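Single-structure report; data block below.
Read the figures in this text as sums done on the coordinates, not as results from a lab. Note that the structure is a prediction, hence the values are computed from the model and not measured. Note that we place each Cβ from the backbone using ideal geometry, even for glycine, and neighbour counts take in every protein chain shown.
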4 protein chains.
Amino acid sequence: NDITHQEAFEVLLAAKKHAEASNTLVNIAVVDAGAHLKAFLRMDDSFLGSIDVAIKKAKTARYFNMDTGELGALTQPGGIIYNIEHSNGGLITFPGGIPIKNKKGVIIGAVGISGGTIDQDRSIAIAGAVAILASTNERTKN
Amino acid sequence: NDITHQEAFEVLLAAKKHAEASNTLVNIAVVDAGAHLKAFLRMDDSFLGSIDVAIKKAKTARYFNMDTGELGALTQPGGIIYNIEHSNGGLITFPGGIPIKNKKGVIIGAVGISGGTIDQDRSIAIAGAVAILASTNERTKN
Amino acid sequence: NDITHQEAFEVLLAAKKHAEASNTLVNIAVVDAGAHLKAFLRMDDSFLGSIDVAIKKAKTARYFNMDTGELGALTQPGGIIYNIEHSNGGLITFPGGIPIKNKKGVIIGAVGISGGTIDQDRSIAIAGAVAILASTNERTKN
Amino acid sequence: NDITHQEAFEVLLAAKKHAEASNTLVNIAVVDAGAHLKAFLRMDDSFLGSIDVAIKKAKTARYFNMDTGELGALTQPGGIIYNIEHSNGGLITFPGGIPIKNKKGVIIGAVGISGGTIDQDRSIAIAGAVAILASTNERTKN
């Protein structure tokens with residue numbers, strides 16, 4: 001149950017298409033089930049600082065199998081996992097990281113988006129994550 | 001559209017002059033369009049801990065193309081990008097980092113100042129950044 | 001003179017096609033003129049340890065504007081730059097990293113390949129780097 | 001017995017002048033007696049990878065109070081301090097790092113050069129280091 005490079009490409013291209021449709025310049029990172037980088041694209045003129053943020057969002061979403069924004073609600077001062085961002089070489093816990101599930105609902109990776117507002121980033125990440133559910137790609141079907 | 005070493009020197013010297021005029025001891029870092037260190041100076045008796053802070057302020061300002069103080073307003077507890085400082089090997093998000101623009105308004109690098117109060121640091125960074133706009137240096141003109 | 005994301009994609013796909021033609025499982029990394037990650041793909045079943053090696057090969061090729069294998073000839077025991085690998089957060093100095101030039105011969109980025117033999121990696125990197133020279137992509141032409 | 005920022009500037013400018021006279025594009029780093037960065041300049045079009053190499057050469061020269069090339073003779077396989085490059089966050093032990101002494105012969109810092117051949121780098125570093133011996137600068141005299 002691991003994302004294929006073909007699926008990672010589909011996530012990347014779907015996220016890019018969604019970003020372009022809303023004139024948002026983003027960095028797109030896809031990690032596999034092991035939270036390791038599988039595919040990445042930095043759109044021209046997007047923030048230089050968003051390369052690492054996008055990758056960390058994707059990793060964070062897979063590390064804890066949740067929307068990074070949900071995690072961020074728990075990491076605030078007084079929160080139950082306050083400052084967990086210090087672990088794993090740095091986590092990003094605001095919106096823009098989303099787990100990727102296959103058609104059976106199993107998490108097979110995650111996507112991280114950075115460069116737009118947090119609402120835009122999250123929306124683009126979701127567009128990327130759901131792309132493989134609609135895919136008729138042979139490798140996905142079999 | 002990248003800062004030249006001649007321009008980086010001008011930024012450095014203008015910042016130093018401004019710092020001396022207000023008896024402020026600072027570290028001055030200039031990065032290029034790729035956020036790589038281009039020029040640096042540590043004034044005598046300035047804080048040792050400010051070397052890295054100045055460099056990180058300059059990098060942060062270029063990573064996100066904004067005044068580091070503006071970024072800091074968004075990274076507070078409850079802020080939309082809370083704890084983004086954990087990315088990119090460590091960001092500094094309080095005032096003192098300013099993008100450097102050329103005469104056409106294109107960002108060509110950034111300057112980071114650390115050692116004084118945040119108001120002093122920001123004021124010195126601005127004095128450095130605007131110096132190249134007034135320059136009659138040949139490489140800048142052509 | 002910086003590689004576009006469209007060009008980076010072309011490099012990625014040309015390298016992937018060349019790798020598939022020789023049944024080689026590789027990681028493909030493209031960095032821009034500032035040595036920052038622009039595009040990446042990890043082929044299914046390629047080595048997990050090759051993610052970082054591919055990225056470091058691409059960065060090393062741009063850091064010193066040369067084939068990483070040429071650099072490696074100089075870093076051996078007794079070589080003139082022995083152990084330079086300890087700089088820049090870790091360099092990779094065996095073959096597989098190649099600068100990417102535009103049609104005017106200006107270096108605009110670099111590509112790094114890891115997963116096959118060093119000869120295979122180098123051959124795939126070259127196939128990727130030259131792809132944009134043949135491109136009729138509009139952004140490349142103008 | 002610490003280098004002043006005025007002296008560090010003199011080292012920087014003397015090294016730059018020497019580099020320009022031989023058409024060599026280098027990165028110039030000056031560290032103080034505590035091995036902390038005091039002044040830095042990256043010449044236009046010099047290697048991106050030389051920023052860190054120049055800084056590490058300067059630090060290495062001060063860490064062990066010797067010409068980095070002399071150190072390198074001892075770090076080879078079978079050498080008495082084999083692979084000491086792994087310490088201190090990464091050392092550079094080939095030529096181009098030189099301690100800076102004041103007129104009394106006391107080491108007050110170090111200079112590191114990277115970008116040319118190792119002979120050029122070493123020659124430029126020496127030109128920088130000796131510059132303050134000839135200086136009639138007031139702070140140096142007193």
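Consider B:ASP44 carefully, then state whether it is away from chain A (no Cβ under 14 Å) and either out of contact with any helix residue (DSSP H, G or I) (no Cβ under 8 Å at 6 or more places or on another chain) or closer than 21 Å to A:ILE51 by Cα (or both). In short, no. Could you tell me whether C:ALA39 is under 13 Å from D:LEU48 (Cβ atoms), more than 9 Å from chain D (Cβ to nearest Cβ) and in contact (Cβ under 8 Å) with a residue 24 or more places away in the chain? No: the conditions fail for C:ALA39. Residue by residue through the range C:1-28, note down the ones that are within 12 Å of chain A (Cβ to nearest Cβ), of a type in the set (D, E, K, R), within 14 Å of C:VAL111 (Cα to Cα) and surrounded by fewer than 24 Cβ atoms within 10 Å (Cβ to Cβ). Across the range C:1-28, the qualifying residues are C:ASP2, C:LYS16. Among the residues of the range B:59-115, those identified as within 11 Å of chain A (Cβ to nearest Cβ), within 16 Å of B:HIS36 (Cα to Cα) and hydrophobic (A, V, I, L, M, F, W, C) are B:ALA61, B:PHE64, B:LEU91, B:ILE107, B:ALA110. Take C:LYS59 and decide whether it is surrounded by fewer than 18 Cβ atoms within 10 Å (Cβ to Cβ), outside any loop (DSSP other than H, G, I, E, B) and out of contact with any Cys (no Cβ under 8 Å at 6 or more places or on another chain). So C:LYS59 fails the test.
The set of residues from the range B:32-65 being of a type in the set (Val, Ile, Thr) and farther than 22 Å from D:PHE9 by Cα comprises just one member, B:THR60.
Please indicate, with yes or no, whether at least one residue in the range D:68-85 is farther than 25 Å from C:PRO77 by Cα, within 10 Å of the chain's Cα centre (by Cα) and β-branched (Val, Ile, Thr). Checked the range D:68-85: no residue is farther than 25 Å from C:PRO77 by Cα, within 10 Å of the chain's Cα centre (by Cα) and β-branched (Val, Ile, Thr). You will find that of B:ASP32, B:ASP45, the residue that is touching a strand residue (DSSP E or B) at 6+ places or on another chain (Cβ under 6 Å), farther than 15 Å from B:ALA127 by Cβ and acidic (Asp, Glu) is B:ASP32 and no other.
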